[in-house]
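The values are calculated or read from the model by the stated rules, or taken from the named source; none is laboratory data. Only a predicted model underlies this, so the values are computations on that prediction, with no experimental measurement involved. No Cβ is skipped: glycine too gets one built from the backbone with ideal geometry, and neighbour counts run over all protein chains shown. To get the accessible areas, we keep the full protein, side chains included, count just its heavy atoms, and leave off ligands, DNA and RNA. Shrake-Rupley method; radii C 1.70, N 1.55, O 1.52, S 1.80 Å.
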Amino acid sequence: MKADLAPSGESRLSVGILTFHRCINYGSYWQARCLVEGVRAMGADAVLLDHHSVAAERAELRCAFRPTLPLHTPRADFPAYARKTRAFRDAFARLPLSEPFPLDRPETSHDLVIVGSDEVWNLEHPWYGGCATFYGEGFGGRLASYAASFGNQDAGRGLSPYWAGRLDAFSALSVRDGNSRDIVRAATGREPDMVLDPCLQFPPSRAGEAMERRAYAVVYGHNFPGWLMEPVRRWARDRDVRLVSLGYRNDWADEQRLDADPDLFNRLMAGAEAVVTNFFHGCVFALAHDRPLITAPTPYRRNKVQGLMRSLGIEERILTAETGTPAYGRLLAEPADVASPLARLRGESDRFLKRVLTA
């Protein structure tokens, strides 16, 4: 018999959260941390399911030390990337974790397993794609998804009957973008709930934001298009704002913070004058901390970024080569006005989680 959510001292619902919690990536780390902390705050006994894969761990290390392929990684950057990797591993160890188990042989049992957030259903993910565990294979108890995504896997390609059948085993389905909603709808005939990424549903605290001597804007991502760099640099020079690149080398920025740990990443995002990013969670953190932002998403991240911006009605924050220079100054001067749609989506996300946790 399952446990109910209950006051301290009584039996609580046992929840395992299955996601990409060991990726050396700020967004992956924070979405996992925010979701497990948020579910625990709602009264459940929640842990991150600590899956391990030698192949995935090797791929993570290769990516950590050469994160901007196909560009060359300067040898001088390796020590900074090593410090960043160690900082992430220390941060992983502080998360509430289950007993470790092989990724392809889940050996844990919970009243409820929540799959998500992140690209957990992306069959094209470079090292987790095609892993049936993220489709609930091998778990007992109820299955639900929270803010699951198919990433760059386009809805037009559909989903095979095998993977669609795996989704049928979920008692509740929610996704974080329209592309993923369309895939689930077409494959299962079910209408998944649209919910917020955990970093927007349970935003990290702004307490202790980084104290910098000069005003700065965050550059987060890599392989930015050439047409974006000069207008951003001109905007920064005109306002005496430093461009600080977080986690990845961008030579067009004024400063490289390649070894920033996850907490420093959050603090620097919170204190920035503005955020320039081509990553999904760069947009998420700018919005969570009410920072002005512009984005030019890479093809790999386009589905996620466009879905987020459309859900909040701020598609103008997605720039193209045709965007005029005046738009940069206007968009980087003021945060996006998203209070109303965020409040609505937080309410819907809260209701979904409460329904799942009390079913």
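The figures follow:
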quantity: Residue 351, sole failed condition from (1) touching a residue at least 12 places away in the same chain (Cβ under 8 Å); (2) in contact with a strand residue (DSSP E or B) (Cβ under 9 Å, 6 or more places away or on another chain); calculated: (1)
quantity: Evaluation of residue 100 against (1) closer than 30 Å to residue 132 by Cβ; (2) of a type outside the set (Asp, Glu); (3) in contact with a Phe, Trp or Tyr (Cβ under 9 Å, 6 or more places away or on another chain) (one fails), failing number; calculated: (3)
quantity: Filter result (closer than 30 Å to residue 353 by Cα and among the charged types (D, E, K, R)) within segment 40-97; calculated: 40, 45, 50, 89, 90, 94
quantity: Matching strands (runs of 3 or more DSSP E) fully within segment 203-294 where at least 1 residues are open to solvent by 40 Å² or more (accessible area, probe 1.4 Å) and of a type outside the set (Val, Ile, Thr); calculated: 255-257
quantity: Hey, residue 171 buried (at least 21 other Cβ atoms within 10 Å of the Cβ) and among the polar types (S, T, N, Q) or not; calculated: no
quantity: Residues of segment 40-61 classified as part of a helix (DSSP H, G or I) and either touching a strand residue (DSSP E or B) at 6+ places or on another chain (Cβ under 7 Å) or surrounded by 15 or more Cβ atoms within 10 Å (Cβ to Cβ) (or both), total; calculated: 4
quantity: Within segment 80-89, considering residues that are in contact (Cβ under 8 Å) with a residue 12 or more places away in the chain and more than 24 Å from residue 134 (Cβ to Cβ), the one most open to solvent (accessible area, probe 1.4 Å); calculated: 83
quantity: Those residues of segment 129-151 which are open to solvent by 40 Å² or more (accessible area, probe 1.4 Å) and on the phi < 0 side of the Ramachandran plot, in sequence order; calculated: 137, 142
quantity: Of the criteria (1) open to solvent by 20 Å² or more (accessible area, probe 1.4 Å); (2) of a type in the set (Asp, Glu); (3) closer than 20 Å to residue 357 by Cβ, which one residue 197 fails; calculated: (1)
quantity: Residue list for segment 116-175, restricted to those being in contact with a Ser or Thr (Cβ under 9 Å, 6 or more places away or on another chain), among the aliphatic types (A, V, I, L, M), part of a helix (DSSP H, G or I) and modelled with pLDDT of 95 or more; calculated: 164, 167
quantity: Residue that is surrounded by the fewest Cβ atoms within 10 Å (Cβ to Cβ), among those in segment 307-327 that are of a type in the set (Asp, Glu) and farther than 21 Å from residue 180 by Cα; calculated: 322
quantity: Selection status of residue 32, hydrophobic (A, V, I, L, M, F, W, C), crowded, with 20+ Cβ neighbours inside 10 Å and either under 12 Å from the mean Cα position of the chain (by Cα) or modelled with pLDDT under 95 (or both); calculated: yes
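For every residue, the table says whether it meets (1) in contact with a strand residue (DSSP E or B) (Cβ under 6 Å, 6 or more places away or on another chain); (2) over 19 Å from residue 136 (Cα atoms).
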position	(1), (2)
150	no, no
154	no, yes
157	no, yes
163	no, no
166	no, no
172	yes, no
176	no, no
179	no, yes
187	no, no
